[in-house]
Amino acid sequence: MTPRHHTDLSRLRIVRGRSVGDWFGCGFVMVVVLLLGTLGWYWYAEACSIARLNALGAICLQRPVLWPDLPSGAPGMPPLVVLQTCEIAWQPRPQTIEQPDWSLFRHLPHLESLTWESSPLTPRDLQAIPHLSHLRRLQLRSVPIPDGMLSRLAALPCLVELRLHDCRWSPGQLEDLGSSRVLEVLQLDFSPVAAAELPSLACIPTLKHLSLTGSGLSDSDSQVLLGLRPDLELSDD
């Protein structure tokens, strides 16, 4: 092998070595870019959803939190603070021409509380419910409950508080809530509750408080329920 060939091979090995390092550097940069792009897209989607909700008259409450979960972004730098939407309240007003679509809530990954009043729900709203895996509290007032909605709510993994005030649903639908394994507070004030549905509610193992004010149940019905769940805090005035 001539010296020239030896030099060429050595140079080739060096080039290949540099190529591996270059590829590693490029891969790292691409991962960082993809990560930042994904976070940017989530922030943009949340900002668009909040803007749409505000335009429709919804009340959006946000809280400042540290991001990432570190005391500061870098040594000597102040903490990185971002706003997260944690609560939404919607009530129709005289000038309201359109109500929010529940699909907007899918872009709010930190939404924990939702209040919805006097507005009917659409089939598209029902399709968005399984995506609200972050929701902890839901309050519905004077809302007709479509068939299948209560079963979807019972399947939410974090919903610990459900308040249905002056709502209406088809007979037998209330029993779907019996499949919940996380619900702690259930309010059914001034809503139709049949005595035959009480055993299903008593099957919710985590239920601590049940309010049945104005539901039309008799004292004997309440006593039967307490016989099934003596640990339950019951309000039925």
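Which one is modelled with the highest pLDDT among residues in segment 39-94 that are among the charged types (D, E, K, R) and within 13 Å of residue 110 (Cα to Cα)? Steps first, please.
First pass over segment 39-94, keeping only residues among the charged types (D, E, K, R): 46, 52, 63, 69, 87, 93.
Add one more test, that the residue is within 13 Å of residue 110 (Cα to Cα), and what stays is 46, 63, 87.
Numbers: 46: 83, 63: 83, 87: 95.
Once the filter is applied, the top-ranked residue is 87.
Taking the residues in segment 126-140 that are surrounded by fewer than 17 Cβ atoms within 10 Å (Cβ to Cβ) and polar (S, T, N, Q) as candidates, determine which candidate is farthest from residue 112 (Cα to Cα).
127
Taking residue 167 as meeting all but one of (1) modelled with pLDDT under 95; (2) under 27 Å from residue 118 (Cα atoms); (3) surrounded by 16 or more Cβ atoms within 10 Å (Cβ to Cβ), write down the number of the exception.
(1)
Here is a yes/no grid of residues against (1) in a loop (DSSP other than H, G, I, E, B); (2) surrounded by 15 or more Cβ atoms within 10 Å (Cβ to Cβ):
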residue: 178; (1), (2): no, yes
residue: 181; (1), (2): yes, no
residue: 197; (1), (2): no, yes
residue: 204; (1), (2): yes, yes
residue: 215; (1), (2): yes, yes
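Would you point out which residue out of 193, 224 is of a type outside the set (Gly, Ala, Ser) and in a loop (DSSP other than H, G, I, E, B)?
Unique residue meeting the criteria: 193.
The values are calculated or read from the model by the stated rules, or taken from the named source; none is laboratory data. No experiment lies behind these values; they were computed from the predicted model shown. Cβ: placed from backbone, ideal geometry, glycine included. Neighbour counts: every protein chain shown.
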